[in-house]
Amino acid sequence: MIKDISSEEKLNLISLLSNSMLSEEHNSAKSKDGWASRFAGVWKDNRSAEEIMNDIHSARTNNTFDMEL
């Protein structure tokens, strides 16, 4: 199938494929570096930080069952 394509078209195809791969690598690295920034400012709450911490601490429970490993 490729043997019927001209050398110029083959080079163009190689260029397009290379550019798409480089773009994917760049976007992948970029999204991994800034993944946490997507969550900045997402939490909405009227409570203060101290109130949130107190709520978290008061909601904690102790496991009262025995677990064998």
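At R0 = 35 Å, how high is the FRET efficiency between Phe39 and Ser15 if r is their beta carbon distance? Nearest 0.05 is fine.
FRET efficiency, Phe39 to Ser15: 0.40.
What distance in nm separates the simple spin-label points at His57 and Glu24, each placed 7 Å from Cα in the Cβ direction?
Using points 7 Å along Cα→Cβ, the separation is 5.0 nm.
Please give the contour-minus-distance gain from Phe65 to Ser48: 0.36 nm per residue of separation, less the Cα-Cα distance, rounded to one decimal in nm.
Taking Phe65 through Ser48 to full extension adds about 2.7 nm, to one decimal.
Values in this text are rule-based calculations from the coordinates and carry no lab data. Nothing here was measured: the structure is a model prediction, and the numbers come from that model. Every residue, glycine as well, gets a Cβ built from its backbone with ideal geometry; the counts of neighbours run over all protein chains shown.
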